[in-house]
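The values are calculated or read from the model by the stated rules, or taken from the named source; none is laboratory data. Quick caveat, the model's predicted, so the values are computed rather than measured. Positions of Cβ are backbone-derived with ideal geometry, glycine not excepted, and every protein chain shown enters the neighbour counts.
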Amino acid sequence: MNPTAPLCAAGFFASGVLSDPVSVTHYLVVGAILFTSGVVCMAVKRNALGILMGIELVLNGANVNFIAFGSPYLRGEGSASIGLDGEAIALFVILLAAAEAAVALAITLNFYNNHSTVDIDQADDLQG
Amino acid sequence: MDPASTLPLLLGLAWLTPLVSFVAILFFGPRMGPHGKSSAGVATAAIVVSLALSLAALGTWLSVHPVQAVAHDSHAASDSHADSHADSHAQPLPPAYSGDWYTLYEGGALKLSIGWYIDALTVLMFVVVTFIASCIHIYAAGYMHDELHDFTDHTVHLTDGSHFHRPGRFSRFFQSLSLFCFSMLGIVIAGNLAMIFIFWELVGICSWFLIGFYYERQSASNAANKAFIVNRVGDFGMIIGMMALWGALGTLHFADSSGPNAAGIETLRPGLLSLVRPEATHHALQVPDGMVKFAAADRVAEITLDHAARPEDSASEIANRVDDWRAMGYGRWLLFVAGIGIFCGCVGKSAQFPLFVWLPDAMEGPTPVSALVHSATMVAAGVFLMGRFYPVLTPDVLLVIAYTGAITLFLAATIALVATDIKQVLAYSTISQLGYMMLALGVGGWVAGLFHLFTHAFFKSLLFLCSGSVIHACHTNDMRKMGGLAKVMPWTAGTMLVGCLAIIGAGVPFVIGLSGYYSKDSILAQALSFSQANPSHSILFAAAAGGAFLTAFYMFRLWFMTFAGQPRDAHISEHAHESPRVMVAPLVALAILAIVAGWSLPGGFGIAAMLEQARPAGTAATVTSGYLFGSLTIPAEHESHVGAIHETATLAAFATAAAGVLLAAMMYVWRILSPLAVAWVFRPIYTFFKQRWYFDELYGAIFVQPVLGIASLASSIDLGVIDKLIDGIAWTARQLAGIDAWIDRTLVDGLVNATASATWIAGVELKKLQTGHLRQYVMFIVIGTVAMFVLASLFLRSSLAA
């Protein structure tokens, strides 16, 4: 990695976003980056487990969005409480992600039993 | 026992009994006995019952109207002459009973009914017809035995050359015979012309059935059609006569009848006989009022118009003027037309010139049919009707009848001279004798003509039955193959000899004779009397006498060729045998009657005497009148029975008959003259007679060919024009249908099919989206989602901003 990268990034952001106090936007960006990474991973990966990882990334990106919007402090309304609404929903999401990952792994396992591979390009039996 | 009710009952039952037999055989014939054999018994029983009833009626009649002998001897000449003059003014109406059983239709002046007119002639005719019919039924039971089993007709060839095989039709023969007897007796008993016409046509149909009994034979089928069609030509004239009578006189009944009219009032309706010969003129013939008024219709209209205000004035004026108009001659033609019209029907039915051509062909029917229908009964119906209708016939009509009869008798006799088929000789003989009867009626011999009718019925049916016996034995009709059969068939030969002697009028002159002697003599006497009274018509007597010569010749030619000499065909003479008893017995019965029919029983009963009872009123006296054909004198019949006329006629009859027999013997027994040589010498005449005066060819050319031509023209129009039109319409419809089909197939079906295939293709194309590649699905999801958000942000900015 280029050792000047952080300096360039810092310089770039110092005049804009980076000089503002941390707000929803910063979280959204992070969430967006996670989401996009996850989507790209889902789209590109041939390995079924890789796609599962991508799904996890997507879900976690969504979680970050939830956190961002769930905090009144970050939204700038400022209140006495921190507000854990976002975290609560994120917790549900993680739970659901785990359940869904379990199911997806079960499907993948069955798929491996049938096809001796986890290459999803081999999973085109349901074509029209 | 009131004869007015007993006689109609007896004769009515006698008339209807054969109808019962007909219906029974019609429904149950083939089941009566094995192959229908008992149907002969049923039919015979019915006709014998009719005979018994007719005899009972005769007995009833004689008990009420005893018959007086007619004086024939010359010593009473002056007395009877005076008597006849007295009689002419005092001759009573002949005893007769009339009435109606059932009225078919009554409207205005016309009353069509089934009824009776019974006089001595009716009773005699019933007895004779039923007796002859009984003999023939018995004979036919034997003769028609071929029809009791399957029959192979050797004269009918099928398309593959084999002979025609069919089941027997025994019961159908007796069914037709019974229907015929019913129809014939219906004519005899009929009380009005309409009923006569109905039964006239019925006998025609029965004759058609019987002639065409072997209908698969082309010749028989054609002969039946010819008989019926030629009769219909005569019937056309008869209808015109009936229309003239009905239109002018308003009635077709012979006798007066009384009964309630439409308004319920008892009225006397005069019949034809009393309209034309009313009491007022002592029953002399005069044109009836109705005809005078009909003919003078324009004058009647004038008077009615003049007295339009007071119709009763015009009625009385007309009544006053009727006699004047009658004297001026109005209505004469109408009466003439009426008489000639009815005579036309008789020309057809009784085979007179020019409508005789059907009778020789009618010999295609079985011989019992020829004997009953075409010699003794049906053809006699015409003469009977003329006898019944005699009072309405004017002297002009009588002259036409006489000439027709004379031409017929001569024509037929000449053809019989050269015929070689035994039944053809007898057929032409029948035509000739019918000509005699018409001649007799035409010259004023009412009793003579009808007497000959009865005697002819006996001997002609006898002759036909004998010929049937011969045909049955020889299996051929051709006389040239017969000969010497007297040894083998003595009964047939003997009875046929009796018949031949009867027909020629054999007898000892002035002493005694067979039946034909008396009837033929009276005809010749009356013809002579007429010729003397009207010298311009002497040819009538000459024709009658010449006819007698020819009759004797051809009848004995027939007898000699068949029974005398040596057999001409060995095969036939070997197999010839006498007929069974059931066939010989009627021959004997008829032979006895052929001998005695002219005699009178002690007490005066005889056929001629009984006929005298039925003589129509006003016909006993000499009549002179001249309307259309100049002055004609119709001499009284009594005058021909006396004196010189009777002697001359008797001698002439005897001489001509003897000459004829002598010539026949010379040619066919003693072989002095050779028939072939005579035929050669008179070649043209011989050929002319042999070809039957070319009448068939003449009628063929005048009537048949044109009709066939018109028929083929009509047929060609039907096939060429009408059928082509229909075919054209059908063709057009098919073409239109083809276009329709094309539209349906190509456009409509194409549209539907195209829609279907488009849908299919769409589905196939859409299927390509389902690739099965999961990563691709993921990309679609992502892109879709992004697109949705972009669109939402573009169009729903306000809600996003919130």
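For this structure, a couple of remarks:
- Any hit, segment B:638-653, residues being under 16 Å from residue B:502 (Cα atoms), touching a Phe, Trp or Tyr at 6+ places or on another chain (Cβ under 9 Å) and not in a loop (DSSP other than H, G, I, E, B): yes
- Lone qualifier among B:606, B:660 - being in contact (Cβ under 8 Å) with a residue 40 or more places away in the chain, out of contact with any Gly (no Cβ under 9 Å at 6 or more places or on another chain) and at negative phi: B:660
- Residue, surrounded by the most Cβ atoms within 10 Å (Cβ to Cβ), within segment B:758-782, restricted to residues that are of a type in the set (Val, Ile, Thr) and at the interface with chain A (Cβ under 10 Å from one of its Cβ atoms): B:778
- Residue check, residue B:746 over 30 Å from residue A:41 (Cα atoms) and of a type in the set (S, T, N, Q): yes
- Entry remark, segment B:584-606: residues being within 19 Å of residue B:511 (Cβ to Cβ) and assigned to a helix (DSSP H, G or I) number 3 in total.
- Options A:49, A:84, A:96: the member that is over 16 Å from the mean Cα position of the chain (by Cα) and surrounded by fewer than 20 Cβ atoms within 10 Å (Cβ to Cβ): A:84
- Of everything in segment B:430-446 that is touching a Ser or Thr at 6+ places or on another chain (Cβ under 7 Å) and either at pLDDT 95 or above or part of a helix (DSSP H, G or I) (or both), the residue that is surrounded by the fewest Cβ atoms within 10 Å (Cβ to Cβ) is B:446.
- Selection count, segment B:344-374, where residues are over 29 Å from residue B:397 (Cα atoms) and β-branched (Val, Ile, Thr): 2
- Per the listing B:659, B:617, the residue uniquely touching a His at 6+ places or on another chain (Cβ under 8 Å) and surrounded by fewer than 22 Cβ atoms within 10 Å (Cβ to Cβ) is B:617.
- Once segment A:59-78 is narrowed to residues that are surrounded by fewer than 20 Cβ atoms within 10 Å (Cβ to Cβ) and within 14 Å of residue A:97 (Cα to Cα), the residue that is nearest to the other protein chains (Cβ to nearest Cβ) is A:62.
- Hits in segment B:475-495 - residues which are within 24 Å of residue B:146 (Cβ to Cβ), part of a helix (DSSP H, G or I) and not aliphatic (A, V, I, L, M): B:481, B:491, B:492, B:495
- Flag if residue B:289 is at pLDDT 85 or above and more than 31 Å from the chain's Cα centre (by Cα): yes
- In the set (1) at pLDDT 90 or above; (2) touching a Phe, Trp or Tyr at 6+ places or on another chain (Cβ under 8 Å); (3) aliphatic (A, V, I, L, M), residue A:74 fails one condition alone, (1).
- Exclusive hit being among the β-branched types (Val, Ile, Thr), surrounded by fewer than 19 Cβ atoms within 10 Å (Cβ to Cβ), within 21 Å of residue B:518 (Cβ to Cβ) and in contact (Cβ under 8 Å) with a residue 40 or more places away in the chain, set B:648, B:622: B:648
- Per-region count, segment A:42-58, residues within 11 Å of chain B (Cβ to nearest Cβ), part of a helix (DSSP H, G or I) and touching a residue at least 24 places away in the same chain (Cβ under 8 Å): 4
- Residues in segment A:100-127 that are closer than 11 Å to residue A:49 by Cβ and among the aliphatic types (A, V, I, L, M) were compared, and the one that is nearest to the other protein chains (Cβ to nearest Cβ) is A:120.
- Boolean, residue B:415 is part of a helix (DSSP H, G or I) and touching a residue at least 60 places away in the same chain (Cβ under 8 Å): yes
- When we screen B:706, B:684 for residues that are out of contact with any strand residue (DSSP E or B) (no Cβ under 8 Å at 6 or more places or on another chain), over 30 Å from residue A:119 (Cα atoms) and either exposed (fewer than 10 other Cβ atoms within 10 Å of the Cβ) or within 14 Å of chain A (Cβ to nearest Cβ) (or both), the only hit is B:684.
- All of A:29, A:39, A:93 fail the test of being at pLDDT below 95, part of a helix (DSSP H, G or I), more than 14 Å from every other protein chain (Cβ to nearest Cβ) and closer than 26 Å to residue B:786 by Cβ, apart from A:29.
- Note on segment B:510-548: residues that are among the aromatic types (Phe, Trp, Tyr) and under 29 Å from the mean Cα position of the chain (by Cα) total 3.
- Qualifying residue in segment B:469-492 (condition: buried (at least 24 other Cβ atoms within 10 Å of the Cβ), of a type outside the set (Gly, Ala, Ser) and under 20 Å from residue B:131 (Cβ atoms)): no
- Some residue of segment B:300-307 being within 28 Å of residue B:446 (Cβ to Cβ) and either touching a strand residue (DSSP E or B) at 6+ places or on another chain (Cβ under 6 Å) or not charged (D, E, K, R) (or both): no
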